[in-house]
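Structure, as structure tokens:
The values are calculated or read from the model by the stated rules, or taken from the named source; none is laboratory data. Since we're looking at a predicted model, the values are computed, not measured. Neighbour counts are summed over all protein chains in view; Cβ atoms, including those assigned to glycine, are modelled from backbone coordinates with ideal geometry. Just so you know, the surface numbers come from the protein's heavy atoms only, side chains and all, with ligands and any DNA or RNA stripped out. Shrake-Rupley method; radii C 1.70, N 1.55, O 1.52, S 1.80 Å.
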Amino acid sequence: MDEFSLIERYFRRPGPGGEGVLLGPGDDAALLTPPAGEQLVMTLDTSVGGRHFPDDLPPFETGHRCLAVNLSDLYAMGARPLWFLLSLTLPEVDEAWLAEFSRGMFALADRAGIDLVGGDMTRGPLSVAIQATGAVRADRVLRRDGALPGQILAVGGVPGLGGLGLRHWQAGQRDSASARHFAAPDLDLTLGRRLAGRAGACIDISDGLLQDLGHVLKASGGLGAVIDTGALPVNEELAALDAEDRLALQLSGGDDYRLLFTWPADDPLPEGTVAIGRISGPGPVRLRAPDGSERPADSPGWRHFP
């Protein structure tokens, strides 16, 4: 089958388009109507086989995962997802792979309420590029630059599952909870909008908690933070690890796709989130142990170009 037949079979869905879709896949470009009174939020992420996901990741999980990393960015801005474009590069045509890839991708797309409105396919090393668009009112946008000294530092979900999941995947332990999360990140589809207009700053944890926190602190004017290591939420798998190994995974492991945010100290935290520290004045990030002792944090996360 040629490119156009493959797109028609696996990526063009019957029925009317979603919100604001005047013309979806099948023409030179999509025709879209932006929501009245809202700002558009756009993100683009490229996932390369063997670099951003394992070569042996099943196609259903690959489709889910590649869309999830874009949705996580939209949620970190407080946006509701609307539309996405897909650019798919394949080494060869494998219709069984395409059927499962599209099934995994659309399963998450339907849950999130986002519509595929166009894209293309070409031949080459396996690569999935997705450009996603969402919308949010101007007074509800979440950004990285809104942290203030004294605000609570909080997280939605358990950090470290992505890093531990990769370790399990590489060891052949594919049925662990963390391996399943790594393969197909279990996103919180509602937290971003619950934080919108209320959180100080927000970012999704994709490259490691410390590294992503560093982006928030830099954007907010060079602030510092104290992380209470004993407050980091864990699951059974993380709890079973050596304490230092667990801490390294929770602070520096990537692929969590959980929201890290700051919150007014006198307001109750949203349901399902955990306070893990506070924002401080200018200075380094420090780790506070359960016994009250502190040490500087010095643990890098993921980098594309070390």
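For the stretch 1-16, the tally of residues that are among the aliphatic types (A, V, I, L, M) and surrounded by fewer than 12 Cβ atoms within 10 Å (Cβ to Cβ) stands at 0. Regarding E19, is this residue touching a residue at least 24 places away in the same chain (Cβ under 8 Å), open to solvent by 70 Å² or more (accessible area, probe 1.4 Å) and in contact with a Ser or Thr (Cβ under 9 Å, 6 or more places away or on another chain)? Answer is yes for this residue. Residues in the stretch 87-98 that are open to solvent by 10 Å² or more (accessible area, probe 1.4 Å) and not charged (D, E, K, R) were compared, and the one that is farthest from A129 (Cα to Cα) is A96.
Among the residues of the stretch 165-180, those identified as open to solvent by less than 10 Å² (accessible area, probe 1.4 Å) and either touching a Phe, Trp or Tyr at 6+ places or on another chain (Cβ under 8 Å) or free of Cβ contacts under 8 Å to residues at least 40 places away in the same chain (or both) are G165, A179. Taking first residues from the stretch 90-101 that are free of Cβ contacts under 8 Å to residues at least 40 places away in the same chain and partners that are charged (D, E, K, R) and open to solvent by 60 Å² or more (accessible area, probe 1.4 Å), the Cβ contacts under 8 Å between residues at least 6 apart in sequence or on separate chains come to L90/R123; P91/R123; E92/R123.
With a requirement of 2 or more residues that are under 20 Å from the mean Cα position of the chain (by Cα) and within 16 Å of S206 (Cβ to Cβ), the strands (runs of 3 or more DSSP E) lying completely within the stretch 93-165 that satisfy it span 127-136, 152-156. The residue that is nearest to A96 (Cα to Cα), among those in the stretch 22-50 that are of a type in the set (D, E, K, R) and crowded, with 16+ Cβ neighbours inside 10 Å, is D45. For G146, the requirement of being in contact with a Phe, Trp or Tyr (Cβ under 8 Å, 6 or more places away or on another chain), under 30 Å from P34 (Cα atoms), in contact (Cβ under 8 Å) with a residue 24 or more places away in the chain and surrounded by 16 or more Cβ atoms within 10 Å (Cβ to Cβ) is not met. The number of residues in the stretch 181-211 being open to solvent by less than 10 Å² (accessible area, probe 1.4 Å) and touching a His at 6+ places or on another chain (Cβ under 7 Å) comes to 1. Candidates are the residues of the stretch 258-278 that are over 13 Å from L217 (Cβ atoms) and among the aliphatic types (A, V, I, L, M); the one that is surrounded by the fewest Cβ atoms within 10 Å (Cβ to Cβ) is A265.
Are any of the residues in the stretch 96-105 within 22 Å of G20 (Cβ to Cβ) and modelled with pLDDT of 95 or more? Yes: one or more hits.
Does R286 count as basic (K, R), modelled with pLDDT of 95 or more, over 24 Å from G192 (Cα atoms) and surrounded by fewer than 18 Cβ atoms within 10 Å (Cβ to Cβ)? Considered against the rule, which asks whether it is basic (K, R), modelled with pLDDT of 95 or more, over 24 Å from G192 (Cα atoms) and surrounded by fewer than 18 Cβ atoms within 10 Å (Cβ to Cβ), R286 comes out as yes. Total residues in the stretch 31-52 satisfying the condition of being within 25 Å of L126 (Cβ to Cβ) and touching a residue at least 60 places away in the same chain (Cβ under 8 Å): the figure is 9. Exactly one residue out of G222, G214, G281 is within 19 Å of the chain's Cα centre (by Cα) and surrounded by fewer than 19 Cβ atoms within 10 Å (Cβ to Cβ): that is G214. Could you say whether any residue in the stretch 57-69 is among the polar types (S, T, N, Q), within 30 Å of R288 (Cβ to Cβ) and at pLDDT 95 or above? There is no residue in the stretch 57-69 that is among the polar types (S, T, N, Q), within 30 Å of R288 (Cβ to Cβ) and at pLDDT 95 or above.
Residue count for the stretch 215-259 satisfying the condition of being hydroxyl-bearing (S, T, Y) and either in contact with a His (Cβ under 8 Å, 6 or more places away or on another chain) or not in a loop (DSSP other than H, G, I, E, B) (or both): 2.
Set side by side, the residues L232, L195, L209, L247 differ, and just one is within 25 Å of L82 (Cα to Cα), in contact with a helix residue (DSSP H, G or I) (Cβ under 9 Å, 6 or more places away or on another chain) and not hydroxyl-bearing (S, T, Y), which is L195.
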